[in-house]
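Structure record follows, encoded as structure tokens.
The values are calculated or read from the model by the stated rules, or taken from the named source; none is laboratory data. These figures come from a predicted structure and were not determined experimentally. Here the Cβ positions follow ideal geometry from the backbone for every residue, glycine too, while neighbour counts run over all protein chains shown. The area values use the complete protein model at the heavy-atom level, side chains included, leaving out ligands, DNA and RNA. Shrake-Rupley method; radii C 1.70, N 1.55, O 1.52, S 1.80 Å.
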Amino acid sequence: MPTQDVARYLAAAGQRPLPPEVALKTRLHLLDTLAAIVSGAGLRAGRQAAAFVSRHGGAPEASVPGTALLTDPVNAAFAAAMAAHADETDDSHLGGRFHPGCAVVPAALAVAEATGGGGDALLRAIAAGYDLGARATMALGFSAPRSGTHSTHCLGANFGAAAAAGVMAGLDATQAEYLLSYATQQASGIAYWQRDAEHVEKAFDFGGMGARNGVFGALFVASGASGVTGSLTGEHSYLSAFAERARPEELTDGLGERFEIMAASIKKWCVGSPIQAALDSVTALIEAEGLGAAEVAGLRVILPDDRFQIVDDRDMPDVCVQHLMALALVDGGVSFVSSHDRARMRDPAILDMRTRIEAVPSAELTEARPARQAIVEIDTADGRQLSHRTRAVLGTPDNPMRPEQVEAKARELLALTLGTDAADALIAALRDIEAVEDVRALRPLWQPAQGR
């Protein structure tokens, strides 16, 4: 039975050593997500969640990185996950069609703090969360990103967070099967999150809802609650309710051998995933040709048509491809701060550059592999025609970021809230996370100092 097989896997995952390359990749995703949480704590979704939790939080058992809050683990996971996807900084998993880190890491971290868990166990729980979150969506057999009745971004987060929290809580196989039932009952999410103009409900859909659900389910079962067995497949099950063309074999294929965190991407740019390749291309042309806005007579950015509407002429700066192309040319590059500055969307220099930019959907790029390629074509003021095609986006499994590149990104984000010294100390501590016996010892490194 697939449900029993998944439950047995989760029950053993907390004691199963990760291969060295998987442990390294998991450490990098932990760091990247912590940077997203800390930086996102200052954005609207993060502030909203922290304010809510501060009014309604429970026993001070877990922290919300980037804030001074201590609260119960369910609320801590919720608030941290909201901050993690307060913008487009966090990681993604193309095959699973979801953002794993923003739900999985806060769930694992909150339970680790509540139970006094160590860093080695934390990494194993996170890896297991990526494993189940991705498989739970791939098993649905959705034929296209928009073909399912429910959003994979919500479903993957829900099951990924439940798995991570359950492993961190030390559930046995029977309890893990009960947890899967609670995860199934709490599964939800519709893809109208694409209409969210403020990234608050989207943060809940992608991160906060799944993290909250997963931690609640794991701790409720750990407290002695029973549940129904066999919830993933068969009549009246997760797959019968949500699948387009059910593929139950995907739930267990490669468990313990193929680690889905190795297929996850860390973003170079803190912007929407479909824009990553476009920024890779335009910055490559800027650097190679010394281009600025004055040298560009026209720019065409060609993107896959299956995700084109997500980033075409949007009203949020970090998910608007035309705005970010203009920003890169006017400023000579894109930073976290500049890509989140709404006022820059009204900057006359940016608006002038946007009149020369055209975004073009391409069916050919949708079919191209690796996925999410982009082409930037520039007509220069002196009559030249330049072109750059990004085939393997930096940060994806086909072109992974080196550890020092991930750390550089994290340092920029963490320092905005914590300061440079604290950011460096946290990065150094996470390099040796397996040696940390109680993750609560790391709290001072991710909480802002008084008066900072």
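Data for the structure
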| item | result |
| --- | --- |
| Residue count, region 153-172 (criterion: open to solvent by 10 Å² or more (accessible area, probe 1.4 Å), assigned to a helix (DSSP H, G or I) and over 19 Å from Pro17 (Cβ atoms)) | 2 |
| Whichever residue in region 173-193 is crowded, with 20+ Cβ neighbours inside 10 Å and not aliphatic (A, V, I, L, M) and, among such residues, is farthest from Phe216 (Cα to Cα) | Gly189 |
| Selection count, region 133-187, where residues are of a type in the set (Val, Ile, Thr) and at pLDDT below 95 | 1 |
| Considering residues of region 252-273 that are assigned to a helix (DSSP H, G or I) and open to solvent by less than 20 Å² (accessible area, probe 1.4 Å) only, the residue modelled with the lowest pLDDT | Ser273 |
| Tabulated pairs, region 106-126, first on the phi > 0 side of the Ramachandran plot, second surrounded by fewer than 22 Cβ atoms within 10 Å (Cβ to Cβ), C-beta under 9 angstrom, 6+ apart or interchain | Gly116/Glu437; Gly116/Asp438; Gly116/Arg440 |
| Hits in region 38-86 - residues which are touching a Gly at 6+ places or on another chain (Cβ under 6 Å) and under 19 Å from Ile266 (Cβ atoms) | Val38, Gly40, Ala81, Ala83, Ala84, His85, Ala86 |
| Residues being in contact (Cβ under 8 Å) with a residue 60 or more places away in the chain and touching a helix residue (DSSP H, G or I) at 6+ places or on another chain (Cβ under 8 Å) - total across region 171-204 | 16 |
| Single condition Ser240 does not satisfy, out of (1) assigned to a helix (DSSP H, G or I); (2) touching a helix residue (DSSP H, G or I) at 6+ places or on another chain (Cβ under 6 Å); (3) open to solvent by 30 Å² or more (accessible area, probe 1.4 Å) | (2) |
| The listed residue being within 17 Å of Ala108 (Cα to Cα) and either without any contact (Cβ under 8 Å) to a residue 24 or more places away in the chain or in contact with an Asp or Glu (Cβ under 9 Å, 6 or more places away or on another chain) (or both), out of Gly148, Gly207 | Gly207 |
| The one condition in (1) farther than 29 Å from Asp90 by Cα; (2) assigned to a helix (DSSP H, G or I) that Thr229 fails to fulfil | (2) |
| Sole exception among (1) out of contact with any strand residue (DSSP E or B) (no Cβ under 8 Å at 6 or more places or on another chain); (2) surrounded by fewer than 19 Cβ atoms within 10 Å (Cβ to Cβ); (3) at negative phi for Leu219, by number | (2) |
| Residue match in region 297-308 (condition: at pLDDT 95 or above, under 27 Å from Leu413 (Cβ atoms), open to solvent by less than 20 Å² (accessible area, probe 1.4 Å) and of a type in the set (Gly, Ala, Ser)) | no |
| Long-range neighbours under 6 Å by Cβ, at least six apart or interchain, first residue crowded, with 21+ Cβ neighbours inside 10 Å within region 1-22, second β-branched (Val, Ile, Thr) | Pro2/Thr233; Pro2/Thr252; Leu10/Val167; Ala13/Val167 |
| Subset tally (residues that are outside any strand (DSSP E or B) and either of a type in the set (S, T, N, Q) or within 19 Å of His93 (Cα to Cα) (or both)) for region 399-408 | 6 |
| Considering residues of region 349-398 that are without any contact (Cβ under 8 Å) to a residue 24 or more places away in the chain and assigned to a strand (DSSP E or B) only, the residue surrounded by the most Cβ atoms within 10 Å (Cβ to Cβ) | Ser387 |
| Subset of region 335-348 (residues that are open to solvent by 40 Å² or more (accessible area, probe 1.4 Å) and assigned to a helix (DSSP H, G or I)) | Val337, Arg342, Ala343, Arg344, Arg346, Pro348 |
| So Ala81, is it in contact (Cβ under 8 Å) with a residue 60 or more places away in the chain, closer than 24 Å to Val22 by Cα and either open to solvent by 10 Å² or more (accessible area, probe 1.4 Å) or part of a loop (DSSP other than H, G, I, E, B) (or both) | no |
| Candidate set from region 23-58 (those that are free of Cβ contacts under 8 Å to residues at least 24 places away in the same chain and open to solvent by 50 Å² or more (accessible area, probe 1.4 Å)); member that is nearest to Thr89 (Cα to Cα) | Arg47 |
| Qualifying residues in region 417-452 (those that are among the hydrophobic types (A, V, I, L, M, F, W, C) and outside any helix (DSSP H, G or I)) - the one surrounded by the fewest Cβ atoms within 10 Å (Cβ to Cβ) | Ala449 |
| Residue that is nearest to the chain's Cα centre (by Cα) [pool: residues in region 407-416 that are surrounded by fewer than 22 Cβ atoms within 10 Å (Cβ to Cβ) and of a type outside the set (D, E, K, R)] | Ala408 |
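Yes/no per residue for (1) within 30 Å of Gly118 (Cα to Cα); (2) at pLDDT below 95; (3) of a type in the set (Ser, Thr, Tyr); (4) under 25 Å from the mean Cα position of the chain (by Cα):
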residue	(1), (2), (3), (4)
Ala359	no, no, no, no
Arg372	no, yes, no, yes
Ile378	no, no, no, no
Asp382	no, no, no, no
Val393	no, no, no, yes
Met401	yes, no, no, yes
Ala429	yes, no, no, yes
Glu434	yes, no, no, yes
Leu445	yes, no, no, yes
